[in-house]
Amino acid sequence: MGMKSKMKKKINLLCICLLGICLCACQETETVSETEIEQIVSQEEQVEPQEIEQSILEEEDLTEYELTEDDLIESDTNEEESRTVYNRVLEDGETFLDGYNNLILEEDVKRSALIYLDEDDIPELLVLKNGEYRLYACDDTQITEIAMADDGSKANAYGPRHIFENYSRDCTFYWFEYVPYQGLLRVHNSVDEERCDYYLRYEDGSFVLELEAKFVDTIWHTYDAKQEIDNEDFLSRLFDVGYDELIPCGYLYENIADAYENIGRTSNTREVLEDFINGKIDAVYSVEEVNDIPEESFVMISYEELYNSYIMGDGIGSINYVDFDNDGEEELVMEDYMGNSIFFDVIGDTVYCVIRASGTADIAYIVEMEGKRVIARTDLTHGGRQCYDIFQYDACGCVVDFFGLYAYFEGSSYTEEDEFWYREQEITMEEFEEKVNSIQDIPSE
């Protein structure tokens, strides 16, 4: 019997049952008239079919939907609200490593690392649980979970990219980022499907929010702990406080012994990228789902697959090693003959895609501007506009600055009477040309 026929049958049975109940009530109390019974049945017949169908589906456990990422995030949030913050006193003779090991067993942690967040001799324990990072500290007597700043910030491991990076809602993986021994870190969250970057300081056993950055209504907004501040002021404070020295925790381990043995482990970026080019390893192209074992969530792509299909099927036109994030190490930029390009970086032993540009109206290349290397995504081939979107990345593959430089005009060229914009402020034609002339090409290797 099909679903529709089953539904109709149940609707008929429901109406008959309701009619029978009404007749019984009438016989026993003699307070319900036949007219009222007819009105009740008529009202039941007017129930929306969708409501009846949903009721039947729920009864038969046939609800036809899948759990979305939003559902997962909401579920995790509810769990977090009910979760007791971890705090346990070490037993006699129990070392911090024993305590940390017991913690990951008790909490069923799949991946963890040990890092030196502050200046003491005992490392902090970083774990990935329910798609979120948690940090624990030990003072030789007890292990305590470090509370997040009381401002809505969360240390998510998964979430969206900034919309201007790839103009989509793709999910990505956030590596944990910190400044060793300085108590500084950056975590990520998403609010209304927009990524938010929080800069936190560890002090007195908890985190305090110092800076924040996010993209809202096509504008890059930056804040201190109290109010919105200029983008340039934000960059200055990153440097002054020390957030320009953030590094990613590129390795997560299955057990405490491996985590302890590999504290501070680093890799050779160039060698890892060459392994990718030579077909020894694949690169992370996208992220498929939230998973506490990150490598199981990664969608990988080989260099051969890229060469044969990227993007128009014409193969790779050039391969260049160049530092585009000002960390002193060369990253990988691949371009095809149609102007499409893809930028790769390395975290730990993982090659991952930082940004993709689709050519023609989205040509991306590395330039130097105001003393920093940045990625410029340009649209210079269409009439009526000249557009430069400028991205500054740091060593963790995170955007720390974004701004637009635009000219809008009628016809094939602009005049002094047309519109010119820089960092959301209208400027003159002379100022626009001065900014454009300050963009310096970076020679390819």
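The values are calculated or read from the model by the stated rules, or taken from the named source; none is laboratory data. The shown structure was predicted, so the numbers you read here are calculated from the model rather than taken from an experiment. Note that we place each Cβ from the backbone using ideal geometry, even for glycine, and neighbour counts take in every protein chain shown. Accessible surface is based on the protein model in full, side chains and every heavy atom, while ligands, DNA and RNA are left aside. Shrake-Rupley method; radii C 1.70, N 1.55, O 1.52, S 1.80 Å.
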> So is ASN278 over 25 Å from the mean Cα position of the chain (by Cα) and within 30 Å of ILE122 (Cβ to Cβ) or not?
Replying inline: no
> Does at least one position in the stretch 159-178 carry a residue that is under 17 Å from TYR243 (Cβ atoms), polar (S, T, N, Q) and in contact (Cβ under 8 Å) with a residue 12 or more places away in the chain?
Replying inline: no
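The rows are residues; the columns are (1) of a type in the set (A, V, I, L, M, F, W, C); (2) surrounded by fewer than 20 Cβ atoms within 10 Å (Cβ to Cβ).
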position: PHE176; (1), (2): yes, no
position: ASP217; (1), (2): no, yes
position: THR222; (1), (2): no, no
position: ASP233; (1), (2): no, yes
position: GLY250; (1), (2): no, yes
position: ASP258; (1), (2): no, yes
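Which of the following residues is in contact with a helix residue (DSSP H, G or I) (Cβ under 6 Å, 6 or more places away or on another chain) and closer than 30 Å to GLY131 by Cα: TYR303, TYR352?
TYR303
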>> If SER112 meets every condition in (1) surrounded by 12 or more Cβ atoms within 10 Å (Cβ to Cβ); (2) at pLDDT below 95; (3) not in a helix (DSSP H, G or I) apart from one, which number is that one?
In response: (2)
> Which is surrounded by fewer than 17 Cβ atoms within 10 Å (Cβ to Cβ) and either at pLDDT below 95 or under 24 Å from GLY159 (Cα atoms) (or both), of GLU426, GLU419, GLU431, GLU370?
Replying inline: GLU370
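From GLU132, GLU106, grab the single residue that is within 19 Å of ILE293 (Cα to Cα) and free of Cβ contacts under 8 Å to residues at least 24 places away in the same chain.
Just a single option satisfies the conditions, and that option is GLU106.
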> Consider GLY397 against the criteria (1) surrounded by fewer than 19 Cβ atoms within 10 Å (Cβ to Cβ); (2) under 19 Å from GLU165 (Cα atoms): it satisfies all of them except one. Which criterion is unmet?
Replying inline: (1)
> If LEU103 passes every condition in (1) under 27 Å from GLY159 (Cα atoms); (2) open to solvent by 10 Å² or more (accessible area, probe 1.4 Å); (3) not in a loop (DSSP other than H, G, I, E, B) but one, which one does it miss?
Replying inline: (2)
> Mind checking which residues of the stretch 235-246 are open to solvent by less than 70 Å² (accessible area, probe 1.4 Å) and not in a loop (DSSP other than H, G, I, E, B)?
Replying inline: LEU235, SER236, LEU238, VAL241, TYR243
> Quick one: how many residues across the stretch 84-94 are closer than 17 Å to LEU126 by Cα and in a loop (DSSP other than H, G, I, E, B)?
Replying inline: 2
> Looking only at the stretch 345-357, which residues are crowded, with 18+ Cβ neighbours inside 10 Å and either of a type outside the set (Lys, Arg) or in contact with a Cys (Cβ under 8 Å, 6 or more places away or on another chain) (or both)?
Replying inline: ASP345, VAL346, ILE347, THR350, VAL351, TYR352, CYS353, VAL354, ILE355, ALA357
> So VAL187 fits all but one of (1) open to solvent by 10 Å² or more (accessible area, probe 1.4 Å); (2) closer than 16 Å to ILE247 by Cβ; (3) in contact with a Ser or Thr (Cβ under 8 Å, 6 or more places away or on another chain); (4) of a type outside the set (Lys, Arg); what number is the exception?
Replying inline: (1)
> Is the stretch 120-129 home to any residue that is at pLDDT 85 or above, open to solvent by 30 Å² or more (accessible area, probe 1.4 Å) and assigned to a helix (DSSP H, G or I)?
Replying inline: no
> Can you name the residue in the stretch 132-144 that is surrounded by fewer than 20 Cβ atoms within 10 Å (Cβ to Cβ) and in contact with a Phe, Trp or Tyr (Cβ under 8 Å, 6 or more places away or on another chain) and, of all such residues, is modelled with the lowest pLDDT?
Replying inline: ASP140
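Quick one: would you say TYR406 is touching a helix residue (DSSP H, G or I) at 6+ places or on another chain (Cβ under 9 Å), open to solvent by 30 Å² or more (accessible area, probe 1.4 Å) and within 24 Å of THR222 (Cβ to Cβ)? Before the answer, list the steps.
Details: touching a helix residue (DSSP H, G or I) at 6+ places or on another chain (Cβ under 9 Å): yes; open to solvent by 30 Å² or more (accessible area, probe 1.4 Å): yes; within 24 Å of THR222 (Cβ to Cβ): yes.
So TYR406 fits the description; yes.
With respect to GLU228, is the statement that it is closer than 29 Å to TYR136 by Cα, at pLDDT 95 or above, surrounded by fewer than 16 Cβ atoms within 10 Å (Cβ to Cβ) and of a type outside the set (S, T, N, Q) true?
Working: closer than 29 Å to TYR136 by Cα: no; at pLDDT 95 or above: yes; surrounded by fewer than 16 Cβ atoms within 10 Å (Cβ to Cβ): yes; of a type outside the set (S, T, N, Q): yes.
It is false that GLU228 is closer than 29 Å to TYR136 by Cα, at pLDDT 95 or above, surrounded by fewer than 16 Cβ atoms within 10 Å (Cβ to Cβ) and of a type outside the set (S, T, N, Q).
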